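Written below as structure tokens is the structure these notes are about.
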Amino acid sequence: MPRLNDVRGLPTTGLNAEQLLHYESLLVDIYTYRPGVQARVDALLHQSPDFVMGHVLRGYALMTDGLRSGVPEARRYLAQAQQLAAGGTERERLHIQTLQAWVDGRGADRLQALESILARWPLDLLAYRQLTAMLFWTGDKRRQLASAMQAVPHWQPDVPGFALTLGPLAFALEEDGRYALAETHAQQALAYHDADLWALHALAHVYEMQGRVREGDATLSAVAPRLKDFNLFRGHVWWHLALFRMAQGRMDEVLDLLDREILPATSMFYLDIQNAASLLARLEIQGVNVGERWERVADSAEQTLGQHLVVFTAPHQAMALARSGRRQALAQALKGFQDDAQAGVEQAQTGAAVSAALALYGTGEYAKFLDLMRVLRYEAASLGASHAQQDLYFQLMVDAALRIDELPLARSLLKERLVKHFSDAVGWQRYQEMAGLIDAASDPQSLRRLLRTGLPQ
Ligand SMILES: [Fe+2]
């Protein structure tokens, strides 16, 4: 089998020089969220069946889709990679181990294999992006930053792919509350590729956490006309724009974004379900009549029952089924999550508990929901996702407390949800101002309005 170095000097099995350059362009397109890349990987594999990393890459992509129905096909790619493993490099064999651990649902082993690759080959762009992405769904934000920190110093601006290391670093910095550094790195990435969607997304999170609503709106609005050129991740960028619009009270526009971009039709994609359910819940908390829109989310949830590998999806499915009154499907969903927990599926125990809680909110059993969710509210972060997404739990708890006239509890939760929104003396001052507003608000509607954003600008 041929073995040549890739553009970063890493030996890669099964491709000639021209094909290696093509592989590099595929990696760049994957990590700039371009659509249609997997068919091109297949075409390359058709030309070069000995391309070990091609099989691994296809397996990774199928697992990234996040559906159990994709696992058998991922296993077929894994088996093909394993047949070639003896002729591959040690680095490639570690990627095969990573994929094996992923399809087996052994997260700790997957994490360790990726860390082992990066410790020895920090210029392995695929391993770097896989590791930082994986840690998004474990909720281990400090570790996400630590992983990026270990690899990034090995990258110089003249190393091909350098720009694609900056978005994950920016996002990890943001989730760890280091907003100024996060913004600097996101802007640096965008200076290389003005449509680096992950860097743009990291910047949107900085604006969201710091309450910079107008900057967030302007930044995402500027790129909005081009979002159709990206893969399904674009829906989450639209979700962020919807949050900025909601913070400005532009609720009709939020509904329009939901209908046109965030969930225009039923979807199997976990992020679509999360985005839409979370947005509808926030709209309802703000008193907006969302009409029949829960039906579309519930259809999406119901047609993918038992399918989602990203456990953070489960509470959103439960809420959508509850809000649309689908008692039977809801019971089936909750049983499925319980079965996963009993079978020892990773994160499933917390996922089942949080889902059961959100189902209670969705069916209007607010006191019971609060009893459960208050116990789970920190543990729930282990299901992963960003602080902005996890804020849903606090949104629902504040709303539930107001519905049962527990104003002191609502005020307490409103303050508590701001714990991630400040990182310096100026932020602390703004927190104190916000706390004053929370204590001064005397009616439920005023308190709910304070949920539209984090700290006031
Ligand atoms: Fe996000």
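Values for this structure:
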| item | result |
| --- | --- |
| Residues (in a helix (DSSP H, G or I) and either touching a strand residue (DSSP E or B) at 6+ places or on another chain (Cβ under 7 Å) or surrounded by fewer than 17 Cβ atoms within 10 Å (Cβ to Cβ) (or both)) located in segment 421-442 | ALA425, VAL426, TRP428, GLN429, GLN432, GLU433, ALA435, GLY436, LEU437, ASP439, ALA440 |
| Which numbered condition THR64 misses (of (1) open to solvent by less than 50 Å² (accessible area, probe 1.4 Å); (2) under 23 Å from HIS193 (Cβ atoms); (3) within 21 Å of the chain's Cα centre (by Cα)) | (1) |
| Those residues of segment 183-242 which are of a type in the set (Gly, Ala, Ser), at pLDDT below 95 and over 21 Å from LEU455 (Cβ atoms), in sequence order | ALA195 |
| Members of segment 244-291 that are more than 17 Å from PRO225 (Cβ to Cβ), among the aromatic types (Phe, Trp, Tyr) and crowded, with 24+ Cβ neighbours inside 10 Å | TYR270 |
| Per-region count, segment 365-418, residues basic (Lys, Arg) and not in a helix (DSSP H, G or I) | 1 |
| Residue match in segment 231-239 (condition: polar (S, T, N, Q) and under 18 Å from the mean Cα position of the chain (by Cα)) | yes |
| Index of the failed condition, GLY161 passing every other in (1) part of a helix (DSSP H, G or I); (2) within 28 Å of ARG226 (Cβ to Cβ); (3) in the same structural domain as LEU26 (by TED's automatic domain parsing) | (1) |
| Helices (runs of 4 or more DSSP H) wholly inside segment 44-139 containing at least 2 residues that are among the aromatic types (Phe, Trp, Tyr) | 125-136 |
| Of the criteria (1) farther than 26 Å from ASP340 by Cα; (2) of a type outside the set (S, T, N, Q); (3) open to solvent by 50 Å² or more (accessible area, probe 1.4 Å), which one LEU126 fails | (3) |
| Test: residue in segment 281-301 that is of a type in the set (S, T, N, Q), assigned by TED's automatic domain parsing to the domain that holds GLU346 and either farther than 30 Å from ARG106 by Cβ or within 16 Å of the ligand (Cβ to nearest atom) (or both) | yes |
| Any hit, segment 190-212, residues being surrounded by 15 or more Cβ atoms within 10 Å (Cβ to Cβ), among the hydroxyl-bearing types (Ser, Thr, Tyr) and within 12 Å of the ligand (Cβ to nearest atom) | yes |
| Of residues in segment 360-413 being touching a residue at least 24 places away in the same chain (Cβ under 8 Å) and β-branched (Val, Ile, Thr), the one nearest to the ligand (Cβ to nearest atom) | VAL398 |
| Evaluation of ALA224 against (1) open to solvent by 20 Å² or more (accessible area, probe 1.4 Å); (2) under 26 Å from ARG245 (Cβ atoms); (3) more than 14 Å from the ligand (Cβ to nearest atom) (one fails), failing number | (1) |
| Selection count where residues are crowded, with 20+ Cβ neighbours inside 10 Å and of a type outside the set (Gly, Ala, Ser), scope segment 112-123 | 5 |
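This table checks each residue for (1) surrounded by fewer than 22 Cβ atoms within 10 Å (Cβ to Cβ); (2) within 24 Å of GLY384 (Cα to Cα); (3) within 14 Å of the ligand (Cβ to nearest atom).
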residue: MET149; (1), (2), (3): yes, yes, no
residue: LEU169; (1), (2), (3): no, yes, no
residue: ALA180; (1), (2), (3): yes, yes, no
residue: GLN188; (1), (2), (3): yes, no, no
residue: ALA218; (1), (2), (3): yes, no, no
residue: ALA242; (1), (2), (3): no, yes, yes
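The values are calculated or read from the model by the stated rules, or taken from the named source; none is laboratory data. As the structure is a computational prediction, the values presented were derived from the model and not from experiment. In this analysis, Cβ positions are derived from the backbone assuming ideal geometry, glycine residues included, and neighbour counts consider all displayed protein chains. Only protein heavy atoms, including side chains, enter the accessible area calculation; ligands, DNA and RNA are left aside. Shrake-Rupley method; radii C 1.70, N 1.55, O 1.52, S 1.80 Å.
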